[in-house]
1. For the subset of segment 91-102 comprising residues that are surrounded by 13 or more Cβ atoms within 10 Å (Cβ to Cβ) and at pLDDT 95 or above, which member is nearest to the chain's Cα centre (by Cα)?
2. For F32, state whether it is farther than 27 Å from K89 by Cβ and either modelled with pLDDT under 75 or among the aromatic types (F, W, Y) (or both).
3. Which residues, counting only those in segment 58-70, are touching a strand residue (DSSP E or B) at 6+ places or on another chain (Cβ under 8 Å) and either modelled with pLDDT of 75 or more or not in a loop (DSSP other than H, G, I, E, B) (or both)?
4. State yes or no: is P153 over 19 Å from the mean Cα position of the chain (by Cα), surrounded by 12 or more Cβ atoms within 10 Å (Cβ to Cβ), of a type outside the set (S, T, Y) and in a loop (DSSP other than H, G, I, E, B)?
5. Does L125 satisfy the criteria of being surrounded by 18 or more Cβ atoms within 10 Å (Cβ to Cβ) and in a strand (DSSP E or B)?
6. Out of V144, V129, I need the residue that is out of contact with any helix residue (DSSP H, G or I) (no Cβ under 9 Å at 6 or more places or on another chain) and assigned by the TED database to the domain that holds V229. Which one?
Amino acid sequence: MDLHLINATTHRSVITGSIIFNQDIDQFDVLFFITSLKRNGKPWTMLNLTIKGCDFIAKSRRKNMNFPYIVLGELRAANPNFPKSCPIKKRPFVLEFHSLDYEYNKERVKIFDMKIVEYQGNSALNATVIFARDINDFYLDLKVLVPKKKRRPFVLLNMTVNGCEFLNGINNRYLKFAYFIYNQFKQFKGFPTKCPVEKDKPIYIPYFYFDSENSPPYLPVFNCRLSIVSRQKDDFLYRAHFNLRVKDKRPI
């Protein structure tokens, strides 16, 4: 929620801003409370009214409730997309791939290729991986860093998961970020679901993008760097680093 009072003209102030919900709103109440000061300095209540929010936004006028619906009319005049019924949907965000860099162990990985492409208006990732040997065990190191001005980056996430358990979906429900990635990847035909991951068998990830409908219910607007390192006990398989941007898509 971000609201500001600004001076539109010399004699007029207006409120501007946006509201983003992190979950669908099925029901809510709206409280109108207006007080004023008497000449003796004591406050008195001009209006104290609670309305069912879903009824409020669905109807244009009610008898004996002029002021709330004047406010509603002004909100709709300022924003034609102002909600007209419940549920009020959570506002989807856009998680974009901005840039990437990677390296891989050529003794253990035959082909490793990643590119950022545009797909249906989304920033998407195309990837191809072919291992040079069967992968019987591996680990995934996941790290998310948020840059800070003149300070060290804030570590938002730093975790290691067992790669074979990750492919099987074991314990992913207890690791929300890993489970989120797992659910996104398992939709691709041919994506491995268990170990060993076979050598010389291409793994294609075509036009992968973060779908806000299947993502965590809310992510703040920010930039971050996601690092994914796949390794075995004695050496790494590949390292991939992504600069991501989270942007609000449709604020109210």
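1. Looking at residues that are surrounded by 13 or more Cβ atoms within 10 Å (Cβ to Cβ) and at pLDDT 95 or above, I get L100.
2. Details: farther than 27 Å from K89 by Cβ: no; either modelled with pLDDT under 75 or among the aromatic types (F, W, Y) (or both): yes.
Taking the combined requirement at face value, the residue does not satisfy it.
3. Just the residues of segment 58-70 that are touching a strand residue (DSSP E or B) at 6+ places or on another chain (Cβ under 8 Å), to begin with: 65, 67-68.
Correct list: F67, P68.
4. no
5. Working: surrounded by 18 or more Cβ atoms within 10 Å (Cβ to Cβ): yes; in a strand (DSSP E or B): yes.
Considered against the rule, which asks whether it is surrounded by 18 or more Cβ atoms within 10 Å (Cβ to Cβ) and in a strand (DSSP E or B), L125 comes out as yes.
6. Numbers: V144 fails: out of contact with any helix residue (DSSP H, G or I) (no Cβ under 9 Å at 6 or more places or on another chain).
None of the others qualify; the one that does is V129.
The values are calculated or read from the model by the stated rules, or taken from the named source; none is laboratory data. Since the structure is predicted, the reported quantities are computational estimates derived from the model, not experimental observations. Cβ atoms come from the backbone with ideal geometry, glycine included; neighbour counts cover every protein chain shown.
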